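Engineer: Right, I'll just put the structure down here and ask away after.
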Amino acid sequence: MQTQFTIEQTDAQLIDTKADITYDISFERATRHCISIRMSIRNNIGQQVIIKSPVWIPGSYKVRDMNAHQHAIIITDAQGTPLMWKWLEKHVIEIENPTQSDILITYDYYANDRGVRTSHVNRNHAFIMPVACLMYVEGRLDEIHHVIINKEHVNWEIITTALSPIKKEQHGNKIAFGALNYHILIDSPIEIGNHRITTFDVAGSIHEIAIIGQETVDMEWISGEIQRAVEIQYEFWGDLPYDRYIFFLMIGEGLRGGLEHLRCNVSAVEPTAFLDKTSAQGMMALLVHEFFHTWNVKRIRPIELGPFNYEQENYTRMLWLAEGWTSYYDDLLSYRSGFYSRDEYLSVLAQSHLGKLARVPGRLSMSLKDSSFLAWTKLYSMSPDQQNQFPSYYTKGGIVALLLDILIIYKSGGKHKLEHALQAMWNHYKADGQKGFTEQEIISIIEQTCNVSIQKEFDEWHNGTDELPYQTIFTLIGLDWKEQPMHVPQDWYGDYRPFHPRKAQIFFGCSVSEDHGKIIVREVEKESPADKAGIGIDDELIAVNGKRINTRSMLINALQSNGTEGKAHIIAQCDGRIYETHVQLIAATSYSLKVSEAISHEQEQLLEYWLQG
């Protein structure tokens, strides 16, 4: 009988279980950034056994050579007799097992990459992404797997993981955890060390926060803010799909991003997240985003995303659902959680969503669904010309979700919104979680749940490349959307003495980096002043209006001083050859989304209905 695909697990289900596939992980070479792994396979059938490594991480749509850091492989039977084996592909091993005996595979894994998708180990801790370093047996993904953490060679007290303990109490150097199948195993990161943890309870489910990093953190404050975010999403969805959940929070210079998992998420922020209000708001929006994925994408998922094929790309045209809708709700639910004021939320929409997409010329050349389908070669392999080619399904998908939400609210007369359709999808999943949703099923659920017709607008916004109808939609709830030259307010010395008028902020259209006293062009926006002047990627900018420049601030000041009245004279070089050009700078664009001064009573009611849960 075929085993049903499942991604659900509670800790109680793994107590006192046995497993025929186990991984014993130890750290005797932690100072060399190496993890030692001993994989045991029992009860084999057949004289050839195929072992594979995944080539991608669910939630991160790029084929990766994750086993490139795997080395020193030894394969024997249970008695230690070497078995014959060979590589069939870069991620596939075939083992000759003529006696059909148990198999032991030992290998080391070099883990020296800090991040939300990678593993890292040193003398202080180990963060393990199982998908990157734990292989699987072909045909045996759906059985119980155990992981034994061996702390014999390290002085680490704490193990935090979404894997479930297999004993109610475990002591000593070897602590065992389990997963009902391989899908759950590889979606359960592990942190071993002396990190800080705190817990709270919402609706009978335990929530753990694990702080990975040495920075000072107010544990009471961060716990209270995350608990608030969990409570708001509990109200949004109606229940929690787990008995225990972990927020792994990495803190360190240069760290950023997040990755969702079934019973946890891993988020990374810089230390400024605890020092600066705006950075703290960004951190909370990130945590809200990754937590929202617990429902949307891990469970409410495009049909192509589960059961998974770990050996190749899993193409879908529906990442607007997985990431776009999540990007919309992360800021909206951050507002409902109290992390933004209303004006701050509208400003975030204007600057970080609508304004951000406006600076992507590629939005006019590729549809939202195509950007999803090509994520495997576009989003995670960004080129300097990417913004001219590719609209992110995060950004544009979130904006389309915003427009759909307002459209539903208006068409339903303030009785329904997009979240009601999401709640209906959640109920569908709970009734049958075996497969994901098709696009047409999503549309049907929206229309039936909200009693509106949105097929026409849905098709136009997801398949087309025209500008989205911002003002037409925003007017329905009394919002004014404006794109206009940036206004420079009058400055004053004191109460009565005006400072000399400043020039409007200019727009150049390229980003640069400093490289040992040189200013190197990294990106050029299509049809921008820099593009029209013939400035190219990797060119060096040498002088503006006869003045040598060697820092980014010197470039900005020189261009700003020139203003928009006359052309700026640029000296640059490409491939060692000097060239000169003139740039006609233009005023930078300001983006705003504000409540209309002429908002009607009906519009105001719809606006409040949209914002409130």
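Bear in mind these aren't lab numbers, they're just calculated from the coordinates by the rules spelled out. Note that the structure is predicted; figures quoted are calculated from it, not measured. For neighbour counting, all protein chains shown are included, and Cβ atoms are generated from backbone atoms with ideal geometry for every residue, glycine included.
Engineer: Listed highest first by mean packing, meaning other Cβ atoms within 10 Å per residue, what order do 413-419, 117-123, 78-84 come in? Spell out each step's value before the answer.
Structural biologist: Working: 413-419: 17.7, 117-123: 19.6, 78-84: 10.9.
Sorting 413-419, 117-123, 78-84 by mean packing, highest first, produces 117-123, 413-419, 78-84.
Engineer: If you take the square roots of the eigenvalues of the alpha-carbon gyration tensor of the range 11-193 and sort them as a ≥ b ≥ c, do you get rounded (a/c under 1.5), prolate (a/b over b/c) or oblate?
Structural biologist: Note, shape of the range 11-193 comes out rounded.
Engineer: Under the rule that an exposed site lies in a DSSP loop and has at most 11 other Cβ atoms within 10 Å, name the longest stretch of the chain with no chymotrypsin sites (Phe, Trp or Tyr not before Pro) of that kind, not counting the sites themselves.
Structural biologist: Excluding the exposed sites themselves, the longest stretch runs over 1-492.
Engineer: How long is the gain from residue 573 to residue 89 if the chain were fully straight, where each residue apart is worth 0.36 nm and the alpha carbon distance is subtracted?
Structural biologist: 169.7 nm
Engineer: From the phi of every residue in the range 443-450, what ³J(HN,Hα) in whole Hz does the Karplus formula 6.51 cos²θ - 1.76 cosθ + 1.60 yield, where θ is phi - 60° and glycine or proline is x?
Structural biologist: Values, residue by residue: 4, 4, 5, 4, 5, 6, 5, 9 Hz.
Engineer: If you don't mind, another one. Net charge near residue 406: determine it from the other residues with C-beta under 12 Å of the C-beta of residue 406, scoring Lys and Arg +1 and Asp and Glu -1.
Structural biologist: 0
Engineer: By the scheme Lys and Arg +1, Asp and Glu -1, what is the net charge of all other residues having a beta-carbon under 13 Å from that of residue 275? Display every interim value, and only then the final one.
Structural biologist: Numbers: positive: 277; negative: 215, 218, 253, 270, 276.
In short, -4.
Engineer: Report the trypsin sites (Lys or Arg not before Pro) located in the range 59-101 that are in a DSSP loop and have at most 13 other Cβ atoms inside 10 Å of their Cβ, or state none.
Structural biologist: 90
Engineer: Enter the per residue convex hull volume of the chain, computed from alpha-carbon coordinates, in Å³ rounded to the nearest integer. Could you put the intermediate results ahead of the total?
Structural biologist: Values: hull volume 116.0 nm³, N = 613.
Each residue corresponds to 189 Å³ of Cα convex hull volume.
Engineer: Still on this structure: Provide 11, 575 in ascending order of the number of other Cβ atoms located within 10 Å of each residue's Cβ, fewest first. List each step's numbers first, then the result.
Structural biologist: On the way: 11 19, 575 7.
Ascending Cβ contact count within 10 Å gives the list 575, 11.
Engineer: Taking every DSSP beta bridge that has both residues in the range 215-371, what percent is antiparallel when rounded to the nearest 5?
Structural biologist: About 35 percent, rounded to the nearest 5.
Engineer: While we're looking at this one, here's another question. So which of 298/435; 62/378; 90/298; 298/430 end up more than 19 Å apart by C-alpha?
Structural biologist: With Cα atoms farther than 19 Å apart: 90/298.
Engineer: Excluding residues fewer than 8 places away in the same chain, name every one of the lysines whose C-alpha is closer than 25 Å to that of residue 567.
Structural biologist: 503, 518, 526, 532, 547
Engineer: Normalised by the residues of the chain, what does the relative contact order come to in percent, with Cα pairs under 8 Å and at least six apart?
Structural biologist: About 10 percent, as a whole number.
Engineer: In deg cm²/dmol, rounded to 500, what helix-only [θ] at 222 nm does the chain give when every DSSP H run of at least 4 residues adds -39500 (n - 2.57) and the total is split over its residues? Intermediate results must be reported in sequence, preceding the final value.
Structural biologist: Numbers: 16 runs with 156 residues, N = 613.
The helix contribution divided over the chain gives -7500 deg cm²/dmol.
Engineer: Determine the percent antiparallel among the DSSP beta bridges restricted to the range 195-288, to the nearest 5.
Structural biologist: 45 percent
Engineer: Counting other Cβ atoms within 10 Å, keep those with at most 15, restrict to DSSP loop, and tell me which GluC sites (Glu not before Pro) in the range 574-613 are left.
Structural biologist: Values: sites: 580, 597, 602, 604, 608; in loops: 597.
In loop regions of the range 574-613 (DSSP not H, G, I, E or B), the sparsely surrounded GluC sites (Glu not before Pro) are 597.
Engineer: Which value does Rg/Rh take for the range 466-509 over its C-alpha atoms, Rh per Kirkwood?
Structural biologist: Rounded to two decimals, Rg/Rh equals 1.22.
Engineer: In whole Hz, what ³J(HN,Hα) sequence does the range 365-382 give by Karplus (6.51, -1.76, 1.60; θ = phi - 60°), x for Gly and Pro?
Structural biologist: These are the phi-based 3J(HN,Hα) values: 10, 9, 6, 4, 5, 5, 5, 5, 4, 9, 3, 5, 10, 9, 5, 9, 10, 4 Hz.
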